[in-house]
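Here's the structure we're looking at; comments come further down.
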Amino acid sequence: MKASMDSDVPENERIEEAAARWFARQHGDTWTDADQAQFETWLDASTAHRVQYLRVVTTWDQSARMKALSAGVSPCAIPLRESWGDQRFPVGSTTQAETTGGALDSASRPTRYNLLNWRYAAAALIAVALGVYMLAVAPRFAADRYSTTLGGVEDVSLSDGSKITLNTDTSIRVSFSDHERTIELDKGEAFFDVAKDKTRPFVVYAGNKRVMAVGTRFSVRRDRNDVQVVVAEGRVNLAGSAEQLLAAPMPGTFLDAGAVARTSNAAVLVRPDAGAEIEKLLSWRRGYVYFDNVPLADAVAEFNRYNTRKIVIEDPEIAALRVGGNFRSTNIDAFLELMQSGFPIAVHDDGDRIVLKGR
C-alpha cells in the first residue's frame, strides 16, 4: 500500500525558508543593528539554524556568475568578487574618510546618482538571493513527501524502479534530478531496495549524515543527527553531509553487505560482519520487533516507537532486567503478559500509560 502524502511542511523546511529570507534581508539597504541582533539570536537558537544558513551562503558563493547582472559589466563576463564596490559599481566614495579619519567632504559624499545605483544594486542582490532560494530551497517543497503513522509500515514504489519500505512514524522527501536520486529522511526509519543507475547515485540524507549507493539494499534509521545503517546487499558509503563543515568532519566509510554501522556525532562504529543480527534488525518490515538479551528499558523504548499507549518503567531496579523474544510490534499485551509471568514485574494499566513496577 502506498504511504500517505504528508501535507504539513516539516520544521526543517521552515528553517530553510527563514535562512534564505535572513540572507536576502542582509543584502538590502534597510539592515539595522536591531536586525543584526535579531539575526544573531536566531542563529544561536539552534544548530539547525546555523546549518541551513550555511547552505544558503554556500549556494550564494557558487552563484558568482549571477552577480554579473548587477555589477555594471557585460553579462558574459564574470566579475571578480573583489571588484564589487569599484568604479563600475559606485556606492559613494569612502576612501578619503578612511584615509584621513575625518568626515566626508562635499566632493566625496555619495551623490544622488550613486545612492540610486546602490538601491538598484541592493534590489538586484535581493532578487538574486531569492533566486538562490528558489534554486536551493524551493525544490524541496516540490519533492514528493511520504509518511507513516505510529505503528504503520508502508511501501513506496519510485519512478526509477526503486522501492522504499517506511517504518513506524517515518517521514521522507523524494526528488530526482539528472545527476542524483535524493531522499531526505526527516525522521524515522526506512529500507531502500535501489534500482541500479550508475549515472545517478541514490543518496539518503539523514540529519548531517549522507548514505550513498548505486544499486543495493539497505536501511537507515535516524535519531536526530545520528543514524544506524544496515546493509543487506551491495555496498554503500556513509559520510557527513556538506552542512557538517560546521562541526567535526566525518570521513566517508564504505559498508559492505552484512555490515551494521552506528554513528555518534562524527564517530562511526562499524560491525563489518553482523551475521544473523541483520535479519533481526530488519524484522520490522514484517511487523515484528526482536529482542536478544537486551535491557528491559531498551525493549520498552522499542515498543513505544510503535504504540500510542506508552509503557513507563517506574521502578529503576527492573529497568536493567535482560529480556528476549520475538513480538508483533503493535501487540503490547503479549509482551506484558510475558513480563508478568516470567519476571518479578507488576503491570498497572493507567489509561494512556502502562506502568511497570517491581514486585
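Rule-based calculations on the coordinates, nothing more; no lab input. Note that the structure is predicted; figures quoted are calculated from it, not measured. Glycine gets a Cβ as well: all are built from the backbone with ideal geometry, and neighbour counts include every protein chain shown.
Here are a few things to note about the model shown:
- 3J(HN,Hα) from dihedral phi, the stretch 267-283, Karplus parametrisation 6.51/-1.76/1.60, rounded to Hz, x for glycine, proline: 8, 10, 10, 10, 10, x, 9, 7, x, 5, 5, 4, 5, 5, 5, 9, 5
- Loop-located trypsin sites (Lys or Arg not before Pro) across the stretch 156-207 with a Cβ neighbour count of 11 or fewer within 10 Å are Lys198, with loop assigned by DSSP.
- Extending 7 Å from Cα along the Cβ direction at Gln26 and again at Ser341 yields two label points whose distance is 6.3 nm.
- Residues of the stretch 174-213 falling in the label zone of Ser159, defined by backbone nitrogen less than 17 Å from a point 7 Å along Cα to beta-carbon, are 174-184, 195-197, 199-203.
- Extension gain for Asp273 to Glu317 (0.36 nm times residue separation, less C-alpha to C-alpha distance): 12.4 nm.
- Here r is the Cβ-Cβ distance between Ala143 and Thr308 and R0 is 30 Å; the resulting FRET efficiency, rounded to 0.05, is 0.60.
- Inter-probe distance in nm under a simple model that places probes 7 Å from Cα toward Cβ, at Val294 and Ala266: 3.0 nm
- Note: relative contact order over the stretch 169-305, using C-alpha pairs below 8 Å and six or more positions apart, is 15 percent.
- Applying 1/(1 + (r/R0)^6) with r as the Cβ-Cβ distance of Arg224 and Trp42 and R0 = 22 angstrom yields a FRET efficiency of 0.60.
- Nitroxide proxy distance, nm - points 7 Å out along Cα→Cβ at Val57 and Asp33: 2.3 nm
- Over 23 Å (Cα to Cα) - which of Lys187/Lys357; Lys196/Lys280; Lys163/Lys198; Lys198/Lys280; Lys209/Lys310 fall in this group: Lys187/Lys357; Lys196/Lys280; Lys198/Lys280; Lys209/Lys310
- Applying the criteria of a DSSP loop state and at most 10 other Cβ atoms within 10 Å to the trypsin sites (Lys or Arg not before Pro) of the stretch 305-340 yields no site.
- Share of pairwise Cα separations in the stretch 287-358, more than 16 Å, in percent: 40 percent
- Less than 5 angstrom separates the built amide H of Glu233 from those of Arg217, Gly258, all sequence-distant by 5 or more or on a different chain.
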